[in-house]
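The values are calculated or read from the model by the stated rules, or taken from the named source; none is laboratory data. In this text, all values refer to a predicted model and were calculated from it rather than measured experimentally. Reconstructed Cβ throughout: ideal geometry from the backbone, glycine too, with neighbour counts over all protein chains shown.
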Amino acid sequence: MIKGIGVDLIELNRIAGKVDQQAFVKRILTKKEQQEYDQLNSKRKLEYLAGRFSAKEAYAKARGTGIGKKVSFQDLSIVSGVLGKPQLQEHLSSGDVVHVSLTHTEHTAAAL
């Protein structure tokens, strides 16, 4: 049974100035995500950070809470599956199966 669907779209230029701001990166990415992020080139860092931001926002919208008191960016990790498919891992122990899809263009990142 589907409990909720969330979507988020972000313009990359909103994130571009924050790629090198450690405080922002640490707020959005979990430690595991930060390790992957640190290995990327600057263009890929922007896509990665914006994609994770968007995916976590979309998840919180699907739950009907938004990012805030009930769900934080640190409660969620986006990891790559065996074939590279993004998988959302929630640290909230809801037991729900969560599907996520990420996409990027030259100017935007989106998640569903």
Original post:
Residues of the stretch 58-79 being touching a residue at least 40 places away in the same chain (Cβ under 8 Å) and closer than 17 Å to residue 30 by Cβ, which ones?
Top reply: 58, 59, 60, 73, 74, 76, 77, 78, 79
Subject >> Residue check for residue 45: of a type outside the set (Phe, Trp, Tyr), part of a helix (DSSP H, G or I) and touching a Ser or Thr at 6+ places or on another chain (Cβ under 7 Å) >> reply: no
Subject >> Conditions (1) surrounded by 13 or more Cβ atoms within 10 Å (Cβ to Cβ); (2) assigned to a loop (DSSP other than H, G, I, E, B); number of the one not met by residue 69 >> reply: (1)
Original post:
Tell me, which residue of the stretch 80-109 that is part of a strand (DSSP E or B) and modelled with pLDDT of 85 or more is nearest to residue 30 (Cα to Cα)?
Top reply: 88
